[in-house]
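Please treat every number below as a calculation from the coordinates, not as lab data. All values reported here derive from a predicted model rather than from experimental measurement. Positions of Cβ are generated from backbone atoms using ideal geometry, with glycine treated the same way; all protein chains shown enter the neighbour counts.
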Amino acid sequence: MPWLTIMGLLPLLGAVVVWALPNGRDQLARVVALVVSLAVFGLGLGLAARFDVGNAALYQFPENHSWIPQIGASYALGLDGIALVMVLLSAILVPVCVLAAWNDYRGNPARNFFALILVLETFMIGVFAARDVFLFYVFFEAMLIPVYFLIGQFGGAQRRYAAVKFLLYSLLGGLVMLVAVIALYEQGKGGEQGFLTNTLTGLFPTGDPSAAEVLMFLGFFFAFAVKAPMWPVHTWLPDAAGEAPPAVSVLLVGVLDKVGTFGMLTLCLPLFPNASRWAAPVIMALALISVIYGALLAIGQSDLKRLIAYTSISHFGFIVLGIFAMTSYGQVGSSLYMVNHGFSTAALFLVAGMLITRRGSARIGDYGGLQRSTPMLAGLFLLAGLSSLALPGLSSFISEFLVLVGTYPRYPAVAVLATIGIILAALYILITYQRMFTGPKLEFAAAWRDADRRELWVMAPLVAVILALGFYPKPVLDVLNPAVGRTMQQLQVSDPEHAVPTAEGAQP
């Protein structure tokens, strides 16, 4: 059975059904979107149950068909451990976002909003499952279309500006990457399957990187750095996430931006190992700037959604640190961080959306004393915030710890300085909580309702995952370790002698 194709086509077919509904059938459009997204989630659980953890370094559920043989493009899909957890992240967050956005389409037809969400899910599954570089690029660019319309049609007052800025930044990165994709094909063996990642891996002999390898690496890395987003190509994110509806911000920051770090880990490192090692010191410096710069700007924000966006820039800096530290601990930590950040940031954005719906404002200064009138919302925000700042016992702690432990053996100064980001995280989360939820109760807050049943159903799976991965991340780590071990072998690097490798297959 072509399980990945079925899983990818199901939301696309659901989108067609939703779009075909007549005007005024908003309730039916929402129900169909929710049922379809839950069915995709069920398929994701089925894939996870059938996944052979002992062979998580290998691509499973493979599909390989000739697509455009004249240019060497194939329809090739498969999941290793890293791709599996990213597909599951997408499959979990989409139904959560559909339920969260039940009434959040700003007077526009509900069918347009929910159909675009389902189309986006198809592209997200495709980009993580693609095992052909050209197919990856197609999905990488196709994701821009639904996001552009979701922000531009359903966003806030500056939605058109934010949507165009998002599109221009992403298109620039994509065009640079396209040049590198074509050059990589020319460097390879060519033929009808010339874009397969397996065919293109190992093209460059070990040693100093050639000029061609460096230029191609930079083309891929620039596109992924824009998507990630890293300093200094990050400025589109606060505008896009700040203007998008909360559910769209969740998918934008929680999943789409992970395509950047996913691409660094699964394409940049294996395809260009010499250039990756050559560029690592500079990238580590840029990642460190992202960690500290994003946290400092988050502290100074007066807009709640922009604050969460800047915290994500800081978190993505940690993820990139782990990837280019070239250690098993670092890369496993980064892979786990992508998952944990998706859930903690989703929780923050969704609680922020619930508050903004009640108050009609995203300004932090417009809130105060809410823990008395809305204790459930206050508790959910605090839990999500504590997970974001990596409190022990919550999901982000172990991933951030692994990143720092993996970075220290090769870049001790960077690891030490990166801990400043942890301190700053405590400041921007706890100060925000203090301003919004403690202190004297504002007059308008007395009439507020606390989280209702639908909102509790929205938050329940996120809270469950944050707690579960905080106390017992081993099942996910067991899936990630072998895939990271394969990447370490492709890089032809080994862990420092005093750092015990965690990845099966990593060189001693």
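Gain on full extension, evaluated as 0.36 nm per residue between LEU417 and VAL31 minus their Cα-Cα distance, stands at 134.1 nm.
Once the Cα atoms are used to define both axes, helix 412-437 deviates from the longest principal axis of the chain by about 20 degrees.
For LYS227, the lysines whose Cα falls under 25 Å of its own Cα, not counting residues fewer than eight places away in the same chain, are LYS165, LYS258, LYS305. Trypsin sites (Lys or Arg not before Pro) within segment 1-102: which are DSSP loop residues with at most 16 other Cβ atoms inside 10 Å? Qualifying residues, ordered by number: ARG25. For the chain, the 222 nm mean residue ellipticity estimated from helices alone, with every DSSP H stretch of n ≥ 4 adding -39500 (n - 2.57) and the total spread over all residues, rounds to -23000 deg cm²/dmol. Here's the list of aspartates and glutamates a cross-link from LYS474 could span, going by alpha-carbon distance under 16 Å and ignoring same-chain residues fewer than 8 apart: ASP52, GLU400, GLU504. Helix 474-491 and the longest principal axis of the Cα set of the chain meet at an angle near 40°.
For the chain, the longest principal axis of the C-alpha atoms and the axis of helix 81-100 are separated by about 20°. The trypsin sites (Lys or Arg not before Pro) of segment 88-189 meeting both criteria, a DSSP state outside H, G, I, E and B (loop) and at most 12 other C-beta atoms within 10 angstrom of the site's C-beta, are ARG106, LYS189.
Here ALA285 and ASN64 are evaluated by their C-beta separation; at R0 = 45 Å the FRET efficiency comes out at 0.70.
Straightening the chain between ALA20 and LEU38 buys 4.5 nm, computed as 0.36 nm per residue apart minus the Cα-Cα spacing. Spatial offset of segment 73-87 relative to segment 198-245 amounts to 19 Å, using the alpha carbon center of each.
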